[in-house]
1. Could you calculate the FRET efficiency of residue 152 with residue 13 from 1/(1 + (r/R0)^6), where r is the beta carbon distance between them and R0 is 30 Å, rounded to 0.05?
2. Say we join alpha carbon atoms closer than 10 Å with springs in a Gaussian network model of the chain; which of 143, 16, 96 then has the biggest fluctuation?
3. With a 1.4 Å probe and every protein chain left in place, work out the accessible area per residue of the chain in Å², rounded to a whole number.
4. Please state the relative contact order of region 27-158 as a whole percent: Cα pairs under 8 Å, 6+ residues apart?
5. Taking the Cα-to-Cβ direction at residue 54 and at residue 132 and moving 7 Å from each Cα, how far apart do the two end points lie in nm?
6. Compute the distribution of all C-alpha to C-alpha distances in region 27-158, in bins of 10 Å from 0, and list the percent of pairs in each, rounded to whole numbers.
7. Run the accessible area of the chain with a 1.4 Å probe and give the carbon-and-sulfur part as a rounded percent.
8. Placing +1 at every Lys and Arg Cβ and -1 at every Asp and Glu Cβ, with all other atoms neutral, what dipole size does the chain have around its Cα centre, in debye to the nearest 20?
Amino acid sequence: MTADPADVPAPVVDPRLMREVLGHFASGVTVVTAMTTDGPIGFTCQSFSSLSLDPPLVAFAPARTSGTWSRLRAAGQFCVNVLAEEQSGLSQAFARSGTDKFAGVSWAPSPHGSPMLDGVVAWIDSQLWAEYDGGDHTIAVARVLDLGADPRRSPLVFHRGSYGIQTSPDLS
Ligand SMILES: Cc1cc2nc3c(=O)[nH]c(=O)nc-3n(C[C@H](O)[C@H](O)[C@H](O)COP(=O)(O)O)c2cc1C
């Protein structure tokens, strides 16, 4: 018999502890972009993953507070740009609310017309397929339309709140 979740008091998890512990899960970094009538838009997104091969799906989780997500959602189609290791500056620039995130950024239209940033490791053109409740985030599932990679480039890694793998002092 499984417990009814309504009967179990929610454990109190300190958000700072959750952030600190889950920061040990190293990931790549993406910038999700779209073209709108007002120009290109985008936001830095670490919560990206491959989801399904048939149909071809990817997923990512925009915060409910993200102004850019509501505009990407309205565009319905976007490009997931997987950043290269020397692109931490782009990661920071696309994480700043209320700025011209594309100022000084080189890009070209992807096959489906979304901004593909120069020098990325991989790009995935996709179309919004479904959305699910993810607490203070939305789980966005997108159908892959086209994609490509440059195997000569290495990916940018985010680990324990910083770029690159954070090594700890030797315990031995
Ligand atoms: C390395 C890194 C990873 C991030 N990952 C996410 C993410 O997965 N989901 C998210 O909503 N915001 C993420 N952010 C924060 C957003 O990029 C940021 O809140 C957003 O760009 C704010 O702009 P907006 O108000 O235009 O949406 C990340 C930021 C950084 C620096």
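1. Working: r = 42 Å, r/R0 = 1.39.
Once rounded, the FRET efficiency stands at 0.10.
2. It is 16.
3. Details: 10500 Å² over 172 residues.
In whole numbers, the chain has 61 Å² accessible per residue.
4. Numbers: 292 pairs, mean separation 41.0, N = 132.
In percent, rounded to a whole number, it is 31.
5. 2.1 nm
6. 13, 49, 34, 3
7. On the way: 5910 of 10500 Å².
Answer for the chain: carbon and sulfur cover 56 percent of the accessible area.
8. Working: 11 positive and 17 negative charges, 69 e Å.
Rounded to the nearest 20 debye, it is 340 debye.
The values are calculated or read from the model by the stated rules, or taken from the named source; none is laboratory data. All values derive from a computational prediction rather than experimental measurement. Every residue, glycine as well, gets a Cβ built from its backbone with ideal geometry; the counts of neighbours run over all protein chains shown. SASA here: full protein model, heavy atoms, side chains in, ligands and nucleic acids out. Shrake-Rupley method; radii C 1.70, N 1.55, O 1.52, S 1.80 Å.
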